[in-house]
Ligand SMILES: [Zn+2]
Ligand SMILES: [Zn+2]
């Protein structure tokens, strides 16, 4: 694979809090790193938290984009290439890169690895995938099985990964009743995955008809429009005792509805990274034995290969989640459309 000297990349500009498409030198892989030619990068709500100043701002010139797929180009020195990859092989890139040695990694909680927390490509410390090429530690890449489209596979590494890990934390299995509040990218992935895992019923809540229609297509048994219906009474009509699991996917969770519709002894899942505060009456929490579970990302070494297998076998179809594909020149418009709730999931196509 021929490597260009300069590449196009979308650089974060702190003065405007926008992305600027620029030419930069092609990054070269150092020790233990691999150069990836980027195929597609997802347009994720977490990026909006960065662009809209709700998280620690990255340095000027930083490259966002943490939901990435592409092709292996070349390994740097001292790589172990644990997957036996060759140049041209398609991979997804994980934004959680565990050290494999710390307390949390050893105990199987690699999504809370302190080392990983300081180097998340496209979020913190390492440049991400909004570029034609990117360099990541070789432990960040996972081979895409044959037959799975390299572009659509990008959404495995954030939307599906986040939803899958959250559902696992709540032990979602056949017969578990589930309410998903907010069916954007992660919420829709949760609906589809819960369906694959045997949850029933699966009730999707949103205020956008387009999102509810897609949720039905992906396996929601019921949908509730929180503008035209009172969501609490609609959910209680379907589940008089409440839901075993309520997944609050909103970027600014408050858990108000979740508290009203979770079953006694049930679980509330939270994965949104907004700046909202959550207030809960302590008595209500105690008297009803409600479990509130925060879940960050996924455990890449376990969850990513499982998700890729689910996708390769057709049990989930990530392509159905993708509603928009943008060129790199349209990247700021892509984020504006995300702000306005126009996407299910959108990709920027780089290669
Ligand atoms: Zn994301
Ligand atoms: Zn670790």
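The values are calculated or read from the model by the stated rules, or taken from the named source; none is laboratory data. Treat the numbers as computed from the prediction; the structure is a model and nothing was measured. Because the Cβ atoms are built from the backbone with ideal geometry, glycine has one as well, and the counts that use them run over all protein chains shown.
Reported count of residues in region 71-114, each being within 8 Å of ligand 2 (Cβ to nearest atom), within 30 Å of residue 322 (Cβ to Cβ) and part of a loop (DSSP other than H, G, I, E, B), is 2.
How about region 281-351: which helices (runs of 4 or more DSSP H) wholly inside it have at least 3 residues that are more than 20 Å from the chain's Cα centre (by Cα)? Spell out how you get there, then give the answer.
Numbers: elements: 282-288, 300-312, 331-339.
Fully inside region 281-351 and qualifying: 282-288.
The set of residues from region 160-189 being more than 19 Å from residue 259 (Cβ to Cβ) and within 16 Å of ligand 1 (Cβ to nearest atom) comprises 160, 161, 162, 163, 164, 165, 183, 184, 185, 186, 188, 189.
Do the conditions hold for residue 139, that is, is it in contact with a helix residue (DSSP H, G or I) (Cβ under 7 Å, 6 or more places away or on another chain) and under 23 Å from residue 70 (Cα atoms)? Against the criterion (in contact with a helix residue (DSSP H, G or I) (Cβ under 7 Å, 6 or more places away or on another chain) and under 23 Å from residue 70 (Cα atoms)), residue 139 does not qualify.
Among residues of region 205-230 that are on the phi > 0 side of the Ramachandran plot, those with a Cβ under 6 angstrom from a residue that is surrounded by fewer than 23 Cβ atoms within 10 Å (Cβ to Cβ) and in a helix (DSSP H, G or I), sequence gap 6+ or separate chain, pair up as 219/195. Take the residues in region 57-70 that are closer than 15 Å to residue 18 by Cα and in a loop (DSSP other than H, G, I, E, B), then tell me which one is modelled with the lowest pLDDT. Taking the candidates together, the pick is 57.
Quick check: anything in region 57-65 more than 17 Å from residue 118 (Cα to Cα), in contact with a helix residue (DSSP H, G or I) (Cβ under 9 Å, 6 or more places away or on another chain) and buried (at least 16 other Cβ atoms within 10 Å of the Cβ)? No, there is no match, as no residue in region 57-65 is more than 17 Å from residue 118 (Cα to Cα), in contact with a helix residue (DSSP H, G or I) (Cβ under 9 Å, 6 or more places away or on another chain) and buried (at least 16 other Cβ atoms within 10 Å of the Cβ).
Close Cβ contacts (under 8 Å, 6 or more residues apart or on different chains) running from residues in region 78-107 that are without any contact (Cβ under 8 Å) to a residue 12 or more places away in the chain to residues that are assigned to a strand (DSSP E or B) and within 16 Å of ligand 1 (Cβ to nearest atom) are absent. Residues in region 121-159 that are over 18 Å from residue 29 (Cβ atoms) and within 16 Å of ligand 1 (Cβ to nearest atom): 123, 124, 130, 152, 153, 154, 155, 156, 157, 158, 159.
For every residue, the table says whether it meets (1) over 24 Å from residue 111 (Cα atoms); (2) touching a residue at least 60 places away in the same chain (Cβ under 8 Å); (3) surrounded by fewer than 20 Cβ atoms within 10 Å (Cβ to Cβ).
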{"residue": "263", "(1), (2), (3)": "yes, yes, yes"}
{"residue": "287", "(1), (2), (3)": "yes, no, yes"}
{"residue": "306", "(1), (2), (3)": "no, yes, yes"}
{"residue": "317", "(1), (2), (3)": "yes, yes, yes"}
{"residue": "344", "(1), (2), (3)": "yes, yes, no"}
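The residues listed here are 248, 306; of these, the one that is in contact with a strand residue (DSSP E or B) (Cβ under 9 Å, 6 or more places away or on another chain) and modelled with pLDDT of 95 or more is 248.
Taken together, 153, 117 contain a single residue that is in a helix (DSSP H, G or I) and in contact (Cβ under 8 Å) with a residue 60 or more places away in the chain, which is 153.
Set side by side, the residues 122, 84, 129 differ, and just one is modelled with pLDDT of 95 or more and either in contact with a strand residue (DSSP E or B) (Cβ under 6 Å, 6 or more places away or on another chain) or outside the structural domain of residue 45 (by TED's automatic domain parsing) (or both), which is 129. One residue is enough: does region 91-109 have a residue meeting the conditions buried (at least 17 other Cβ atoms within 10 Å of the Cβ), within 16 Å of ligand 1 (Cβ to nearest atom) and on the phi > 0 side of the Ramachandran plot? No.
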